[in-house]
């Protein structure tokens, strides 16, 4: 832990020394430049504003990212220019990933329901087929006759005479 703090301190010193040298060089260049002819106070104010904007802008400043776990968990990575530049893309990727996971989970749940319903439908079909075959077996003429004989009902039986037709005359 102490070595990480020491490394961070050294990096901060390097950045501050480099920044100070760069600032001194820019100031020296500005002071050494000869004034332009016809330059007014408005131009001076505009140039001062440009200089202040140049010193305060983040465009030229490169923040080095320390990819250690404490810096990531501490939120230091959020201050990096690269991260700020690509923040919207990262958020979009996170949202699309969440939608993808949600959609996949929902489709898996639907597939589980469909499989359960298919199995239930197959069971119901087998039950209906079994019941219809049992009903067909019990309704056969030979079975009905056997049942009636076992019950002792003698009034019903097979017809020994063929059926005859009745002819209707038309007037």
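The values are calculated or read from the model by the stated rules, or taken from the named source; none is laboratory data. Given the structure is predicted, the values throughout are model-derived calculations rather than measurements. Positions of Cβ are generated from backbone atoms using ideal geometry, with glycine treated the same way; all protein chains shown enter the neighbour counts.
Applying the set (1) surrounded by 10 or more Cβ atoms within 10 Å (Cβ to Cβ); (2) part of a loop (DSSP other than H, G, I, E, B) to residue 117 leaves exactly one unmet item: (2).
Yes or no, residue by residue, for (1) surrounded by fewer than 10 Cβ atoms within 10 Å (Cβ to Cβ); (2) at pLDDT 70 or above; (3) under 30 Å from the mean Cα position of the chain (by Cα):
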{"residue": "2", "(1), (2), (3)": "yes, no, no"}
{"residue": "16", "(1), (2), (3)": "no, no, no"}
{"residue": "26", "(1), (2), (3)": "no, yes, no"}
{"residue": "45", "(1), (2), (3)": "no, yes, no"}
{"residue": "60", "(1), (2), (3)": "yes, no, no"}
{"residue": "79", "(1), (2), (3)": "no, yes, yes"}
